[in-house]
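Reading through the structure tokens given below for one structure.
The values are calculated or read from the model by the stated rules, or taken from the named source; none is laboratory data. Here the structure is a predicted model, which is why all the values come from computation and not from measurement. Glycine also receives a Cβ, built like all others from the backbone with ideal geometry; neighbour counts cover every protein chain displayed.
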Ligand code: HEC
Ligand code: HEC
């Protein structure tokens, strides 16, 4: 009799095991579907969803902790997640059971699917960047809305949103491109967004390209002269402190001759080069990229120094993997370099705000496999390409 029961038990256990394996198999097929292009990881895909949809102020943020739930870190999120088992993870199942409450933005089926897959994959605290960053065809309704729906919407879905910023309509997004760009890039004078965590490099780059395009009245850099190009810039940003009555540092920019003799200093101050006082002094005033480019071109023509060596190169080339990018001197302070392999995939992105070097040499320190690459340098409306080879 005892043996009979034991056998029965064994059959039962085996049946359950088979069932749950089947169940997992069905789900893991799903996973390959969403995972086709990129892998899911905590920092890039999961934290932004919990944080934006649930940590809205008054809900599951570090201050309110409604019902004891606070989702502002991995450890805290894991209080309601059971690795490998979505259906026993209350912070996941709640989303099918009234959370976020009515009237708040809801996660899409695809987003819930991403969370489910992450739990099935072990709910790890892993981090990664987007591998194939597609920066073609950037639109507000597609590209920018999708970034907002991952990182922002829970806190910015109506006019009462943080800072009065309502990211639910295309129009509002378009009208606030500078503020969105400034806060995602943590520029001086903007509140860093999201308040905790970062937008991944690929999405940041998309926001930058979009904001640049949205705000560039084409930059007319043909035939740069004092009266046509430089005087209006100084008038806009500088003359209030450098005129005939207020002559800070002894400089009066309403006199052309003074501008001309001090052009190297003006260039150094406006580009925040070492050895010059950064101008304008109020760091929340950002001189637009077109004005910077015009000052640079003008300074190259009339100053003592040459700023217009316009070649972008890689040295040495070929290399054994240890090389530097040499930037053209006309580069704006705000640039990005994408490294593209032979299949056309972007394997790395270097953003100007990640390299503190003010010099025009950027040492590349990560490992790249042997092969042929392209470097695409974007700066304002300019794009430069350089081919380089790594032989190990
Ligand atoms: C957890 C909630 C939360 C998330 C997520 C969030 N924000 Fe905010 N945001 C706020 C709050 C709160 C403020 C107001 C801050 C203040 O005034 O101190 C704010 C302010 C802003 C402002 C005004 C900034 C300024 O300097 O005036 C912008 C623009 C903004 N957010 C954009 C975004 C974008 C874009 C995202 C997504 C990438 C995002 N936010 C994600 C809560 C959030
Ligand atoms: C709000 C007032 C203010 C504005 C606006 C302003 N400056 Fe100045 N500037 C100053 C003061 C004050 C000094 C002297 C103190 C210092 O050097 O930090 C100065 C110094 C300078 C110097 C000498 C610094 C050096 O290191 O040689 C230059 C060049 C200069 N400004 C250029 C500019 C330019 C170009 C602009 C516009 C993009 C500008 N300033 C806008 C107040 C201003």
**Message:** I'd like to know if region 213-223 contains one or more residues that are within 33 Å of the chain's Cα centre (by Cα), outside the structural domain of residue 161 (by TED's automatic domain parsing), over 29 Å from residue 130 (Cβ atoms) and within 16 Å of ligand 2 (Cβ to nearest atom).
**Reply:** no
**Asked** Out of curiosity, is residue 190 more than 10 Å from ligand 1 (Cβ to nearest atom) and buried (at least 18 other Cβ atoms within 10 Å of the Cβ)?
**Response** no
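Say whether the condition of being touching a strand residue (DSSP E or B) at 6+ places or on another chain (Cβ under 6 Å) and within 30 Å of residue 337 (Cβ to Cβ) is met by at least one residue in region 125-133.
Yes, because at least one residue in region 125-133 is touching a strand residue (DSSP E or B) at 6+ places or on another chain (Cβ under 6 Å) and within 30 Å of residue 337 (Cβ to Cβ).
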**Prompt:** With respect to the numbered conditions (1) more than 16 Å from ligand 2 (Cβ to nearest atom); (2) at pLDDT 90 or above, which one is the sole condition not fulfilled by residue 158?
**Reply:** (2)
**Message:** Just to confirm my filter: which helices (runs of 4 or more DSSP H) fall fully inside region 166-239 and include at least 1 residues that are closer than 26 Å to residue 44 by Cβ?
**Reply:** 170-175, 177-184, 201-215
**Prompt:** What number goes with the only condition from (1) surrounded by fewer than 13 Cβ atoms within 10 Å (Cβ to Cβ); (2) within 16 Å of ligand 1 (Cβ to nearest atom); (3) modelled with pLDDT of 85 or more that residue 200 does not pass?
**Reply:** (1)
